[in-house]
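To start, the structure itself, in structure tokens.
The values are calculated or read from the model by the stated rules, or taken from the named source; none is laboratory data. All of these numbers come straight from a predicted model, not from anything done at the bench. In this analysis, Cβ positions are derived from the backbone assuming ideal geometry, glycine residues included, and neighbour counts consider all displayed protein chains.
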Amino acid sequence: MISVDDLIGTKILVIYFYPKDYSGGCTAEACSFRDSYEEFKDAGCEVIGISSDSVESHKGFAEKNRLTFTLLADVKKEVRNLFGVPRSVLGLIAGRVTYIIDLNGIVRDVHNSLANTDSHIDGALKKIKLIKAEAES
């Protein structure tokens, strides 16, 4: 169990919701977050991926893809609903949305793109740099 409240104030949070473990787009996105994880960590961030897959599915997915960040199982879609993540493609597919939450717990960016998985990582890193520049000025 992880509580966002325990993390707010300690790190910038990159929380991304994705449709399904092992699917092509979701695997590409997870591996892109993995490949950029050190850059996120160096920027003082924590990356958390969330889908409605089970803990067991996440364990296998994380092991197979050597993921270095946390995956959370939201089997009942409660967290997805709290964040207001929309469904895509005529409501048939769970949405792919990334949220950037600053040290004060304020959502600073929401990126919604089902097809362009790389844009989530690139967009998050750009927004984090802006947040850090603001804090330094």
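General remarks:
- Of all residues in segment 79-111, those that are touching a strand residue (DSSP E or B) at 6+ places or on another chain (Cβ under 8 Å) and either over 20 Å from Asp53 (Cβ atoms) or among the basic types (Lys, Arg) (or both) total 12.
- Hey, Ile50 within 17 Å of Gly123 (Cβ to Cβ), among the β-branched types (Val, Ile, Thr) and either at pLDDT 95 or above or in contact with a His (Cβ under 9 Å, 6 or more places away or on another chain) (or both) or not: no
- If the condition is being among the basic types (Lys, Arg), loosely packed, with under 15 Cβ neighbours inside 10 Å and in contact (Cβ under 8 Å) with a residue 12 or more places away in the chain, then segment 101-131 contributes only Lys129.
Condition check ((1) closer than 22 Å to Asp6 by Cβ; (2) touching a strand residue (DSSP E or B) at 6+ places or on another chain (Cβ under 6 Å); (3) of a type outside the set (Lys, Arg); (4) surrounded by fewer than 19 Cβ atoms within 10 Å (Cβ to Cβ)) across all residues:
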residue	(1), (2), (3), (4)
Ala28	no, no, yes, yes
Ser32	no, no, yes, yes
Glu39	no, no, yes, yes
Val47	yes, yes, yes, no
Val55	yes, yes, yes, yes
Glu63	no, no, yes, yes
Arg66	no, no, no, yes
Thr70	yes, yes, yes, yes
